[in-house]
Amino acid sequence: VHDLLPEKMDVWLSGGVNRISLGVQSFNTKVRRQLGRLDDKETVLQRLRSLLDYHQCVVVIDLIYGLPDQDMAVWQEDLKALEDSGVDGADLYQLNVFDGSALNQAIKAKKIARAATTAQQAKMFAYGYDFLTKRAFKRLSNCHWSRNNRERSLYNSMAKAGVTMFPFGCGAGGSLDGYAIMNHRFLKAYEACVEKGQKPLMVMMQESPLEGIARSVIDQMERGVLNLNLLASRDERLKDLRWLYDLWEERGLVHNNGVLFELTVPGQFWQINLTQTTLECMQSLLTGKNTLAVQHIAAQEE
């Protein structure tokens, strides 16, 4: 948002940019400045209005819930500011404080307050879900919401579904003919390759033979559903996933509507974990191999 200056906006839009996504994270001035974002709330809102006044591109913002000093009252104010801003869509992301991160180090040194606990974040998620649903925002994926038909989040949806996509630009990712591709994330390395006439690839990796069915699960779970009958039709061994989803239904995470399983609001909060567990169980059923992905999150529990 700090870079939303008229001269930069003019260049972007004259160059054909038709969608701009901005990491606002929070509108609260104190919370923002603790994250290194210098602009205050009014400046952020004013610059968003200036960008929207062009009427030439879709404007989307990211908000994070669970930040230090962002209690429920601040989160409610963030969502009200989102509504008032007039932007076309928003991503609501859960904060994760990773071991070794600069944020975790600042919390350990008591330079800033602790982040919200997982239980507090769950309440924030539920409030955000209810707030946007009541205001007719349309949920495009687990984190992403659209206010109108201008914002469709096509890239995010198509990428998770495994659609063939050629990456263009620094840090862009894609999928092409069975290979996952990622361009250089650092601008200097990217520019050096371009100047030499080389493809600016950082990673090009052949995908697993199971990638197609895994992407089907990821795509469905991002939309808050899973059709186990469809999965079993691709490989009957996957019908054994039913016991897992029946267990999750008992725990209130999913609901069987008679055709497919729908994630409840608590299930949507835990969607990434449910998806990863589903993929790990699929791997066990299809290959006999057992792996467990664990990522340590710090400074979020009492």
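Identify the residue in the range 126-151 that is in a helix (DSSP H, G or I) and not aliphatic (A, V, I, L, M) and, among all such residues, is farthest from Phe269 (Cα to Cα).
Checked the range 126-151; the qualifying residue farthest from Phe269 (Cα to Cα) is Lys134.
Please pick out the residue among Leu140, Leu176, Leu187, Leu154 that is more than 26 Å from Val58 (Cα to Cα) and either touching a residue at least 12 places away in the same chain (Cβ under 8 Å) or not acidic (Asp, Glu) (or both).
Exactly one of Leu140, Leu176, Leu187, Leu154 is more than 26 Å from Val58 (Cα to Cα) and either touching a residue at least 12 places away in the same chain (Cβ under 8 Å) or not acidic (Asp, Glu) (or both), namely Leu176.
Among (1) part of a loop (DSSP other than H, G, I, E, B); (2) surrounded by fewer than 18 Cβ atoms within 10 Å (Cβ to Cβ); (3) touching a residue at least 24 places away in the same chain (Cβ under 8 Å), where does Phe168 come up short?
All conditions pass for Phe168, except number (3).
Could you please find all residues in the range 24-57 being open to solvent by 30 Å² or more (accessible area, probe 1.4 Å) and within 20 Å of Met72 (Cα to Cα)?
Result: Asn28, Thr29, Lys30, Arg33, Gln34, Leu35, Asp40, Lys41.
Please determine, by comparing only the residues of the range 232-282 that are in a strand (DSSP E or B) and without any contact (Cβ under 8 Å) to a residue 40 or more places away in the chain, which one is nearest to Gln121 (Cα to Cα).
Residue satisfying both the conditions and the ranking: Val254.
Could you list, in sequence order, all residues of the range 238-279 that are under 17 Å from Ser141 (Cα atoms) and touching a His at 6+ places or on another chain (Cβ under 9 Å)?
Of everything in the range 238-279, those that are under 17 Å from Ser141 (Cα atoms) and touching a His at 6+ places or on another chain (Cβ under 9 Å) turn out to be Phe261, Glu262, Leu263, Thr264, Gly267.
Is one or more of the residues making up the range 1-20 surrounded by fewer than 16 Cβ atoms within 10 Å (Cβ to Cβ), out of contact with any Gly (no Cβ under 7 Å at 6 or more places or on another chain) and either within 21 Å of Leu103 (Cα to Cα) or modelled with pLDDT of 95 or more (or both)?
Yes.
Confirm whether Lys123 is touching a residue at least 12 places away in the same chain (Cβ under 8 Å) and either assigned to a helix (DSSP H, G or I) or surrounded by 16 or more Cβ atoms within 10 Å (Cβ to Cβ) (or both).
Values: touching a residue at least 12 places away in the same chain (Cβ under 8 Å): yes; either assigned to a helix (DSSP H, G or I) or surrounded by 16 or more Cβ atoms within 10 Å (Cβ to Cβ) (or both): yes.
Considered against the rule, which asks whether it is touching a residue at least 12 places away in the same chain (Cβ under 8 Å) and either assigned to a helix (DSSP H, G or I) or surrounded by 16 or more Cβ atoms within 10 Å (Cβ to Cβ) (or both), Lys123 comes out as yes.
Out of the residues in the range 189-223 meeting the condition of being in contact with a Pro (Cβ under 7 Å, 6 or more places away or on another chain) and not aromatic (Phe, Trp, Tyr), tell me which one is least open to solvent (accessible area, probe 1.4 Å).
Here the residue is Cys193.
The values are calculated or read from the model by the stated rules, or taken from the named source; none is laboratory data. This is a predicted model, so every value here is computed, not measured. Neighbour counts are summed over all protein chains in view; Cβ atoms, including those assigned to glycine, are modelled from backbone coordinates with ideal geometry. Only protein heavy atoms, including side chains, enter the accessible area calculation; ligands, DNA and RNA are left aside. Shrake-Rupley method; radii C 1.70, N 1.55, O 1.52, S 1.80 Å.
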